[in-house]
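Structure first, commentary second.
The values are calculated or read from the model by the stated rules, or taken from the named source; none is laboratory data. Computed from a prediction, not measured in an experiment: that's the story for all the values here. Cβ sites come from the backbone with ideal geometry, for glycine too, and all protein chains shown count toward neighbours. Quick note on the areas: whole protein, heavy atoms, side chains included, nothing else; ligands and nucleic acids left out. Shrake-Rupley method; radii C 1.70, N 1.55, O 1.52, S 1.80 Å.
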Amino acid sequence: MISLNKRILLSATGVLLIFIVGIALALDRAFYDSARLGVQDRMLARLLMLMGDAEVDDDGNLEMPTNLLDTEFSRPNASTYAFIIDHKKTIAWQSTSALNKKLPELPLLNRGVKDFSDITLNDKSYFIYRYGVAWTTEAGSYPLTFNVITDTVLFDAQIERYREDLWGWLSVMAVLLLITQMLVLRWGLQPMRRVSIELSAIESGKQENVDGIYPSELKLLTDSINSLINHERKQQKRYRNALADLAHSLKTPLAILQGAATVQNNQKDKERTVREQIERMDNIIQYQLRRAATAGSSPGMRHIMLHSVVDRIVKTVRKAYHDKHPEISMALDKDISLRIDEGDLMELLGNLIDNAFKWSKQQIILSAQQDQEHVIIQIKDDGPGIQQHEIASILERGVRADQSIPGHGIGLAIVRDIIQVYGGDLSIEQNIPTGACVTVYLKNR
């Protein structure tokens, strides 16, 4: 795929060329119209001068002086010549410069009508200016049409010279602008190149994060890249820790199984030992797998509506405990949302609500509220509750599944780990008068 630098350069070059061509065409057209108007004004001036020199007698005969003031009309084979058409539609007069020239056959024009146009004579282009008048004498009114013709040689040469100068200077300007544009793009894209160099350094292991100082437009990008890198490192660290903890936790039950296989002779004791250690190993594996699968907070994570997730979990857990029918009170604002992986939220709340159903007798209370920093979720039940010394043991950092409190399985340990990954907090207290009250604090991001 074409590079970003080339994309911008080609796009800007295309826009610049279109702009230059557009300006050139506009200036060319403006100059052409101006030059044409200048020719028209000069021809009108000559035509008016002819009208000033012309005289018509009472019989309608046109009289013109032999020596005209305009030497252009008096010089044979000049580029400009004139003639007059009378009321008989014949050429009543023509200038000396019109000798040996082919005169076009033209009709009379009505009084006051002016016409400036192009004509072709003997395969050559000419401008013609015509003016219709009605000459009034005592004997009557005689229509006349004054005609001035000039070739386009000077006009075409002027236009050609102008176009050469115009395109020449615009070409020079285009080259200078392209060079300037390349330098500006190189300077403007320098932060992007630095980001690319830093990413290559990160990939090769020479540095850990994007450390450069960048413009505000790239700051969000570099911060997001650093967040993704840090999130990936934390995820890998969790995987490594989970594998290390799994290996460490399995050593004890494996040693017990080995001892039972080689030392114990009583078959019933051996079978009981095997079952206990297999169940213990299964709990360890489930716990470490769920712990490793925790997604954790990452950039771009979407908001999850808390109410809909809680509602789905309650309906699912009801089906699992179909023999129990506790009264469930829900005080959840439907607008509360969390930036958290939906699977993690389902795992967290699923374990807590499952425990509440498991130990409740008649009532479960689910509530949530939101402040500036946290979303606070509370789950209360009216079961036997958790003893104070058991609470401390459950919430102790680093407790493994094989050390979990009997009856509570690995659920609370998983909940604790998920909350820690998201930088939250967990507290367990006695509910009044009976039962447990679990409070979860998750950051409101």
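List of remarks:
- Environment charge at Gly205 (Cβ cut-off 15 Å; Lys +1, Arg +1, Asp -1, Glu -1): -3
- Against the compact-protein benchmark of 2.2 N^0.38 Å, the Cα-based radius of gyration of segment 156-216 scales to 2.12.
- Amide H contacts of Ile364 (H built 1.01 Å from N, under 5 Å, at least 5 apart or other chain): Glu327, Ile328, Ser329
- Rg over Rh for segment 1-98 works out to 1.46, both radii taken from alpha-carbon positions and Rh defined as the Kirkwood radius.
- Dipole magnitude (debye, nearest 20) for the chain, charges at Cβ of Lys, Arg, Asp, Glu: 2460 debye
- With the simple model of a label 7 Å out from the Cα in the direction of the Cβ, Leu154 to Glu63 spans 3.2 nm.
- Taking every Cα-Cα distance in segment 87-224 and sorting them into 5 Å bins from zero, the calculated P(r) comes out as 2, 7, 10, 10, 8, 6, 5, 5, 4, 4, 4, 4, 4, 5, 5, 5, 5, 4, 2, 1, 0, 0, 0 percent.
- Amide H contacts under 5 Å for His374, placed H, 5+ residues apart: Asn444
- Whole-percent carbon and sulfur share, accessible surface of the chain, 1.4 Å: 54 percent
- Based on every Cα atom in segment 17-158, Rg and the maximum pairwise Cα distance Dmax equal 17.6, 67 Å.
- Segment 321-366, relative contact order in percent, only Cα pairs under 8 angstrom and at least six apart counted: 73 percent
- Amide H partners (placed H, <5 Å) of Leu144, local residues excluded: Val133, Ala134, Trp135
- Between segment 303-375 and segment 210-248, the alpha-carbon center distance in angstrom: 30 Å
- Length, then width, then depth: along the principal axes, the Cα atoms of the chain run 154, 53, 37 Å.
- Straight Cα distances below 17 angstrom link Lys101 to the lysines Lys124, with same-chain residues fewer than 8 positions distant left out.
- Size of segment 327-396: Rg and Dmax of its alpha carbons, in Å, are 13.6, 37.
- Computed over segment 124-244: relative contact order in percent, which uses C-alpha pairs under 8 Å that are six or more apart: 13 percent
- Per residue Cα convex hull volume in Å³ - calculated over segment 295-366: 77 Å³
- Taking a straight Cα-Cα cut-off under 14 Å and skipping sequence neighbours fewer than 8 places away in the same chain, the aspartates and glutamates within cross-link reach of Lys334 are Asp311.
- The mean sequence separation of alpha-carbon pairs under 8 Å and at least six residues apart, normalised by the residue count of the chain, gives a relative contact order of 9 percent.
- Proximal lysines to Lys361, defined as alpha-carbon separation beneath 21 angstrom and excluding residues fewer than eight positions away on the same chain: Lys315, Lys319, Lys324, Lys380
- Centroid-to-centroid, using Cα positions, segment 68-101 and segment 414-437 are 113 Å apart.
- Rounded accessible area of Asp323 (nearest 10 Å², 1.4 Å probe): 110 Å²
- Mean Kyte hydropathy of -1.0 or more with a Cα span along the axis of at least 18 Å, helices from DSSP in the chain: 4-53, 153-188, 190-203, 216-262, 306-320, 342-359
- Accessible surface of His389 - all protein chains present, 1.4 Å probe, nearest 10 Å²: 130 Å²
- Counting only protein heavy atoms and a 1.4 Å probe, the chain has 59 square angstrom of accessible area per residue.
- Accessible area (Å², 1.4 Å probe, nearest 10) - Thr71: 100 Å²
- Estimated from helical segments only, the mean residue ellipticity of the chain at 222 nm is -18000 deg cm²/dmol, where each DSSP H run of four or more residues counts as -39500 (n - 2.57).
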